[in-house]
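First up is the structure itself, then whatever we jot down about it.
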Amino acid sequence: MPRAWPKILYGGDYNPEQWPRELWEEDMRLFKLAGIDIATVNVFSWALNQPDETTYSFDWLDDVMDLLHANGMYACLATGTAAHPAWMARQYPDVRTVTADGRKMKYGRRHNSCPNSPTYRKYSQAMAAKLAERYQDHPALLLWHVNNEYGWRCYCDNCESAFREWLKARYGTLEELNRAWYTSFWSHTFYDWDEIVLPNLLSEHLNRSNFDQTAFQGISLDYDRFNSGSILDCYKLERDAIKAVIADAVVTTNFQSNGTYKPLDYFKLAKELDVIALDSYPSNDMPMSQIAMRHDLMRGLKQGQPYLLMEQSPSQLNWKPVNPLKRPGVMRLWSYQAVARGAESVMFFQLRRSRGAFEKFHGAVIDHAGHEHTRVFRECAELGKELKLLGDTLLGAETESRVAILFDWDNWWALEHSSGPSQQLKYLPQIQKYYDAFYHRNIPVDMIGIQEDLGKYDIVIAPVLYLVKEGVAEKLENYVASGGTFVTTFFSGIVDESDLVTLGGYPGELRKLLGVWVEEIDALFPGQFNSMQLQANAAGLEGSYACGMLCELLHPETAEIAATYGSDFYQGMPALTRNVFGSGEAWYIAADPEDDFLAAFFGQLSERKNILPVIETPPGVEAAVRVKNGERYTFLLNHNETSSTIHLGPEQRLDVLTGRQVTGEMILPAHAVYILKQIP
C-alpha cells in the first residue's frame, strides 16, 4: 500500500450536506484553527447523489471537494452506500433485509441493505464507479472509504439461495455436507439442496435474545462464514469499481465495535483493504488494556502494518444509557494511545455536531455553539498543533514484539455456538485476560491470525483454541519443535472446522504436542472455585492460585505435571502441564485461573526468554515503543487521575512533543503523554 500522506492525518467525518452552503466557509476557518488536514465526506449521501435510478447529481460534492483543496485539506471520499435511498426500497423490495425471525424490514435506519440483493450490488457498484470517474483527478482526493461500518445479518430468500450456492462450492456434494453437519442427528439428512434453509429463529436457533444458541452448530457456523463473506463481496465490488478507474487508489472501510465486531472476520476483510481503518468508541469506564488490545489487533490484521484511527469521539457519545463527557486530557491521551500502537491518523466523528436526528448529541469538534470558544475545540486544536509538529516522524514506525496471541473469528463463532459445558465461557474475555498479563508489564504483544508465520515469536499463546483448522496442529508442532514456547488452555483441540468433535480424547489434534489427554470437563458455577497447587517445576512458581469455570480432568502422557488441583474428587490431578517437544515446550493450562496466576506465570516465562518490559511503570501508566530507522520512540501514557512517578534510568531522552531533555526520575501529571526518543 503506497503511503500517500505526509504526516499523521488529523480530521474526521464532515457532513456539509446537513448545513447551508454559507456555513461551509466558516467550517474551513475553524478546521484550519484546529489543525485539521483531512475530512471524510459523502458517507451518507446516496439519496442526495442519486434521486432516482437514472439521475446522478454531484454538484454539491464538487463544491465540497474544491473547498477542501482550496483550504489545503485532503478528502477521504466515501462511496455513501451504507444507507440506500427510499426510492430504491420502494421500487426494489429485494434490497430490504429480513430479520432472524422472518420479518421483512421497511425503509429506515442504516445498514438496511441485503448484501445478496442484486439491486443493492448493482447500484452500489455503479455509484462507486461514478464517483471514481468524476473525482479521479481531483487534487484533494487522498483516500477512498467504501460503505461505512459494515456489519449486519440478513435472512431473506436471496440470502438463502446464495447460501445454498456457497454450500455447493464448499462441500461439492450433499453427502459431504451431511457428514460435516452431522445431520444424522434429529433426522436432519438433506436429499436436495433446496431443502436447506438459513439457520435463524424460524429454524435452528434456540433463543430469541442469543443467536449463539443453536441446535446445529455446524450449520450456524457456516452461515457466519457465509454472511461475513457476502459482505466482503460487497466491499470488493465497490473497491474493484474504483480501481478499474484509479488503479493505485488507496481504498479502505472502517471497522466497528472497537475492532472486535463478531459477525465479520476482519482477518479476511483485511486481505482486501489497502490500509486498516478503525472506529474506536470505548466507554469512559472501559479498562485501558481492552482499548490497547483492540489497537494491537488492528495492527496485527495486516502483519504489523500501521492502520488508521478513522473515528473516535472528541468527547461525548450518544447511544449508551449514560454518556459522560471525556474528562480534560482524555481525548488527547486516547489519541496517542492509538498512535503508540500503530495508528497513522487521528480522526473524529464528527467535525460539526448535527442539528437533528439520532446523532445530534454525539460529540464533535465544532459544537452546537458554532465557534472555537469551547473546551473541546481548544483541546482538539492543541492536539492538531502537536501532530503538525510531529510531521512524518512516526510514519512507518513499527512495533517489535516477541510475544503473539492467536485470534481467530471461526474459533470465536464456533466456541460460542457450543452447547456446553458452560455458557459462562466467552472468547473475548479469555483473550483479554491473557493479553492483560503482558499489558500490565508493558511487554508488547502482537495479535495475529492463525495463518501468520510463528517463527519470529518466542512465545505464542492460543487461549481456548476450541476449533483447530486443517494444518494448524502440524504448524504448531513445527513451531515448538524449532524452539518456540506454546501455551494453550482448557477447551482446546475439541473440534475440527465443521465443529465435529475430534475423537480419541481431548485435546484432539493437539494431544501429541501437549502430551496429555483429557477425560472429563467439570463446569463450576459462578463464585465456585478450585485451586491450582504449584509444584517445583520449570515454571519457577510456587504457592496456590484459584481457578474456576471449567476444570479439566486430564492424564499426562509425555508431559510433566507443574500444578495439581487442590480440592474436589479430582484433587491431585494435573491442572498445569509442560511438555518438552523437540527444542521447545508446550504448556497446557487445564482450568480458568485467576489473573494473578497468569501475571506470575507469564512473568516467569518472559524472564526466561529475556523478554523485558518497555519500562517499569506504576499501575495505570502505559508504556509502548515504536521503532523507525533504528530509533526507538517510547510512549508514556498516564491513565491515572493523579500524577505518577517513573524512573527512566541514566540515559538522556528527548521528549519530541516539547523538545525537552529528560532523565532519571520523571513525574507524569494526570492524563499526561510523553514521546521519548533516546539521545545517542
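FYI, it's all coordinate maths here, none of it is from the lab. Because the structure is predicted, anything quoted here is derived from the model rather than measured. FYI the Cβ positions are ideal-geometry reconstructions off the backbone, even for glycines, and counts take in every protein chain you see.
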### Query
Under the Karplus relation 6.51 cos²θ - 1.76 cosθ + 1.60, θ = phi - 60°, what is the ordered set of whole-Hz ³J(HN,Hα) values for the stretch 443-456, x standing for Gly and Pro?
9, x, 10, 9, 9, 10, x, 5, 7, 6, 5, 8, x, 7
### Query
Using 7 Å Cα-to-Cβ label points, what is the Ala536/Leu657 separation (nm, one decimal)?
5.0 nm
### Query
Once you put a point 7 Å from the Cα of Gln424 and another 7 Å from the Cα of Thr189, both along the Cβ direction, what distance in nm separates them?
4.1 nm
### Query
Rounded to the nearest 0.05, what FRET efficiency do Ile667 and Lys32 have when you use their Cβ-Cβ distance and R0 = 30 Å?
0.30
#### Entry: Ranked packing of 617-627, 321-331, most packed first, by mean Cβ within 10 Å
617-627, 321-331
### Assigned charges on the beta-carbon of Lys, Arg, Asp, Glu; the chain dipole about Cα centre (debye)
1620 debye
### Query
Given only helices, namely DSSP H runs of n ≥ 4 each adding -39500 (n - 2.57), what is the per-residue ellipticity at 222 nm of the chain, to the nearest 500 deg cm²/dmol?
-9000 deg cm²/dmol
### Task
Set the Förster distance to 45 Å, then compute FRET efficiency between Ser482 and Met288 from the Cβ-Cβ distance, nearest 0.05.
0.80
### Query
Between Gln303 and Asn323, what is the label-to-label distance in nm when each label sits 7 Å out along the Cα-to-Cβ direction?
4.1 nm
### Query
Fewest to most neighbouring Cβ within 10 Å: what's the order for Val580, Val376?
Val580, Val376
### Task
Taking amide H positions as placed in the peptide plane 1.01 Å from N, state which residues far from Phe348 in sequence (5 or more) or on other chains have amide H under 5 Å from it.
Gly11, Gly12, Asp13, Gln312
### Query
Sorted by mean Cβ packing within 10 Å, highest first, what order do the peptides 195-208, 227-240, 506-519 take?
506-519, 227-240, 195-208
### Over 23 Å between alpha carbons, listed pairs Lys7/Lys677; Lys262/Lys302; Lys456/Lys628; Lys262/Lys433; Lys236/Lys426
Lys236/Lys426
### Query
Which ³J(HN,Hα) values in Hz, rounded to whole numbers, follow from the phi angles of the stretch 259-269 under the Karplus curve 6.51 cos²θ - 1.76 cosθ + 1.60, where θ = phi - 60° and Gly and Pro get x?
x, 10, 8, 5, x, 10, 7, 5, 5, 6, 5
### Task
Please turn the phi angles of the stretch 168-173 into ³J(HN,Hα) values with the Karplus equation 6.51 cos²θ - 1.76 cosθ + 1.60 (θ = phi - 60°), one per residue in order, whole Hz, x for glycine and proline.
4, 5, 6, 10, x, 10
### Query
With contacts defined as alpha carbon pairs under 8 Å and 6 or more residues apart, what's the relative contact order of the chain in percent?
10 percent
### Query
Considering the Cα trace of the chain, what is its radius of gyration and what is Dmax, both in angstroms?
26.3, 77
### Message
Positive end of the dipole of the stretch 522-680, charges at C-beta (+1 Lys, Arg; -1 Asp, Glu), about the Cα centre: which of Thr558, Asn638, Leu676 has its Cα farthest in that direction?
### Response
Leu676
### Task
Divide the volume of the convex hull of the Cα atoms of the stretch 621-678 by its number of residues and quote the answer in cubic angstrom per residue.
70 Å³
### Query
Per the Kirkwood formula on distinct C-alpha pairs, the Rh of the stretch 551-680 is how many angstrom?
18.2 Å
### Message
Going 7 Å from the Cα of Tyr107 along its beta-carbon direction, which residues of the stretch 74-89 have the amide nitrogen within less than 19 Å of the resulting point?
### Response
80-89
### Summary
Projected onto the charge dipole of the stretch 339-456 (unit charges on the beta-carbon of Lys, Arg, Asp and Glu, signs +1, +1, -1, -1), the Cα from Leu395, Ala364, Asn442 with the largest positive-side position is that of Ala364
